[in-house]
Amino acid sequence: MDKKILIIGYVWPEPNTTAAGGRMLQLIHFFLEQDYQVTFASTAAESEFSFDLTGIGVSKKPILLNHSSFDIFLKDLNPTIVLFDRFMTEEQFGWRVVQNTPNAIRILDTEDLHSLRLYRQLSHKKSLPFSKEHWLNQDQTKREIASIYRCDLSLIISLYEMDLLTKTVKIDKGLLLHLPMMYDAIDEEHRNSWLDFDQKKDFVCIGNGKHAPNIDAIQTLKRYIWPLIRRELTSANIFIYGAYMPDSVKQLNNPKEGFCIMGHADNASEVISKARLNLAPLNFGAGIKGKLLIGMLSGTPSITTEIGAEGICGNLAWNGIIANDPENFAKAATLLYQNKEKWSQAQQNGIAIINNYYNKAAQKQKLLDRIGLIKRDMAGHRSHNFIGAMLLHHSLASTKFMSKWIEEKNTRPQ
């Protein structure tokens with residue numbers, strides 16, 4: 001049987017601007033290595049930062065929302081696997097996949113739990129404590145959980161989110177797979193390529209400007225944290241990198257104060273590897289933070305919050321210091337910047353985290369084994385997911401007819 005996978009992207013992958021883009025590229029490479037014919041489709045427009053998918057042998061297909069042309073395309077392609085990039089694409093196209101290619105394995109790559117990130121953003125804005133009960137009551141949460149149930153398998157990137165879904169929501173583990181970012185293990189040769197403590201200097205903060213947690217973190221740095229660090233380290237600089245920075249961030253640029261807005265970094269690993277410390281004062285968010293993992297891979301320890309470190313390292317010691325309030329964050333950054341012994345230990349902690357939780361070979365084998373298990377008994381797998389079957393029944397009725405109504409409306413002469 002032909003091995004074909006259709007990936008329906010929320011956006012075209014941008015691995016050099018977002019962690020989500022890097023994650024998607026890792027999945028694409030996994031399926032290419034397993035000899036799948038990979039087709040990537042999206043309703044979004046490509047940007048100057050979009051990865052050249054055709055250059056690695058991936059077919060590209062622009063698609064339309066609420067349009068029956070997708071049904072024809074789907075039947076002609078007849079994929080064995082359909083992977084949805086974030087739950088919104090499953091909502092939009094899942095019912096069409098079920099109707100036209102019912103035997104295709106449906107996989108949802110959550111990237112992070114969007115409902116969790118958005119609820120935390122709302123809580124932060126209103127200065128309210130996070131509540132799992134209130135998160136469960138959000139409409140976005142119900143939509144996202146429903147999407148997880150409608151799929152045969154959902155890939156969860158964060159250990160915390162796996163715990164939340166299995167213990168709080170009580171989703172069957174058979175529908176979930178903890179699959180974080182995937183990297184080669186850090187060996188001695190990799191370690192020897194890093195700059196030493198004395199060769200690294202200054203601070204770095206990285207994150208694209210379309211992501212609300214990043215904008216808030218940069219503003220927190222400028223307003224509350226950097227003045228405290230700069231008071232102690234009078235010649236230090238912080239370099240802020242990220243594509244799509246809004247004017248509100250660009251206006252914070254002040255080289256005289258050592259606060260430098262640099263814009264897009266062609267190579268995030270390179271700029272992080274040159275810094276002595278990686279700062280990420282995240283007040284809200286979800287998933288795992290690619291910038292912190294890149295720091296570990298580059299030998300650059302980090303100062304971050306509990307939100308920043310969440311779901312990344314299990315019970316292992318953090319690759320730096322975790323501090324939530326601005327004063328303690330600044331103290332931690334100043335301490336680690338000047339203490340070579342503590343800094344070196346933090347670097348070693350990062351090696352342990354990468355090698356224990358993000359080993360590419362082990363993670364790929366987990367995914368391969370789970371897909372094989374579902375393939376061997378698709379009917380049995382789906383029979384154990386009654387909630388998913390029930391939700392599919394209702395979404396095939398409601399989403400289908402809403403979509404057809406929109407398509408009919410759009411084709412009428414104005």
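Working carefully through the options P227, P213, find the one that is touching a Leu at 6+ places or on another chain (Cβ under 6 Å) and closer than 21 Å to G320 by Cα.
Values: P227 fails: touching a Leu at 6+ places or on another chain (Cβ under 6 Å).
On inspection, the qualifying residue turns out to be P213.
Can you tell me which residue in the stretch 276-295 is surrounded by the fewest Cβ atoms within 10 Å (Cβ to Cβ), limited to those that are in contact with an Asp or Glu (Cβ under 6 Å, 6 or more places away or on another chain) and not aliphatic (A, V, I, L, M)?
Filtering the stretch 276-295 down to residues in contact with an Asp or Glu (Cβ under 6 Å, 6 or more places away or on another chain) leaves 283, 286-287.
Okay, now just the ones that are also not aliphatic (A, V, I, L, M), so 283, 287.
Details: N283: 18, G287: 26.
Among residues in the stretch 276-295 that are in contact with an Asp or Glu (Cβ under 6 Å, 6 or more places away or on another chain) and not aliphatic (A, V, I, L, M), the one surrounded by the fewest Cβ atoms within 10 Å (Cβ to Cβ) is N283.
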Among helices (runs of 4 or more DSSP H) completely within the stretch 143-232, the ones holding 2 or more residues that are crowded, with 16+ Cβ neighbours inside 10 Å are 159-163, 212-220, 226-232
Contacts under 8 angstrom Cβ, first residue in the stretch 131-144 being within 11 Å of L116 (Cβ to Cβ), partner of a type in the set (G, A, S), 6 or more apart: W135/S115; Q138/S115; Q140/S115; T141/S115; E144/S115
Can you tell me which condition S59 does not meet? The list is (1) small (G, A, S); (2) surrounded by fewer than 17 Cβ atoms within 10 Å (Cβ to Cβ); (3) in contact (Cβ under 8 Å) with a residue 24 or more places away in the chain; (4) over 21 Å from G209 (Cβ atoms), and all the others hold. (3)
With respect to the numbered conditions (1) closer than 19 Å to G308 by Cα; (2) of a type outside the set (K, R); (3) in contact with a Lys or Arg (Cβ under 9 Å, 6 or more places away or on another chain); (4) in a helix (DSSP H, G or I), which one is the sole condition not fulfilled by F130? (4)
For the stretch 75-93 the number of residues that are assigned to a helix (DSSP H, G or I) and either on the phi > 0 side of the Ramachandran plot or surrounded by 22 or more Cβ atoms within 10 Å (Cβ to Cβ) (or both) is 4
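Modelled with pLDDT of 95 or more and under 16 Å from the mean Cα position of the chain (by Cα), is that true of L282?
Working: modelled with pLDDT of 95 or more: yes; under 16 Å from the mean Cα position of the chain (by Cα): yes.
Against the criterion (modelled with pLDDT of 95 or more and under 16 Å from the mean Cα position of the chain (by Cα)), L282 qualifies.
Go through the stretch 57-74 and report how many residues are of a type in the set (S, T, Y) and part of a loop (DSSP other than H, G, I, E, B).
In the first step, residues of the stretch 57-74 are kept if they are of a type in the set (S, T, Y); the result is 59, 68-69.
After this cut, where a residue has to be part of a loop (DSSP other than H, G, I, E, B) as well, the list is 68.
Summing the residues that are of a type in the set (S, T, Y) and part of a loop (DSSP other than H, G, I, E, B) in the stretch 57-74 gives 1.
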Output the residues belonging to the stretch 259-275 that are within 20 Å of R230 (Cβ to Cβ), touching a residue at least 40 places away in the same chain (Cβ under 8 Å) and either of a type in the set (S, T, Y) or open to solvent by less than 20 Å² (accessible area, probe 1.4 Å) (or both). A275
Can you pull out every residue in the stretch 94-142 that is open to solvent by less than 10 Å² (accessible area, probe 1.4 Å) and β-branched (V, I, T)? V97, T101, I105, I107, T110, T141
Among (1) crowded, with 19+ Cβ neighbours inside 10 Å; (2) touching a Gly at 6+ places or on another chain (Cβ under 9 Å); (3) not aliphatic (A, V, I, L, M), there is one condition F31 misses while meeting the rest; what is its number? (2)
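The values are calculated or read from the model by the stated rules, or taken from the named source; none is laboratory data. Treat the numbers as computed from the prediction; the structure is a model and nothing was measured. Virtual Cβ from ideal backbone geometry, glycine too; neighbours counted across all protein chains shown. Protein only, heavy atoms only, side chains kept; ligands, DNA and RNA dropped before computing areas. Shrake-Rupley method; radii C 1.70, N 1.55, O 1.52, S 1.80 Å.
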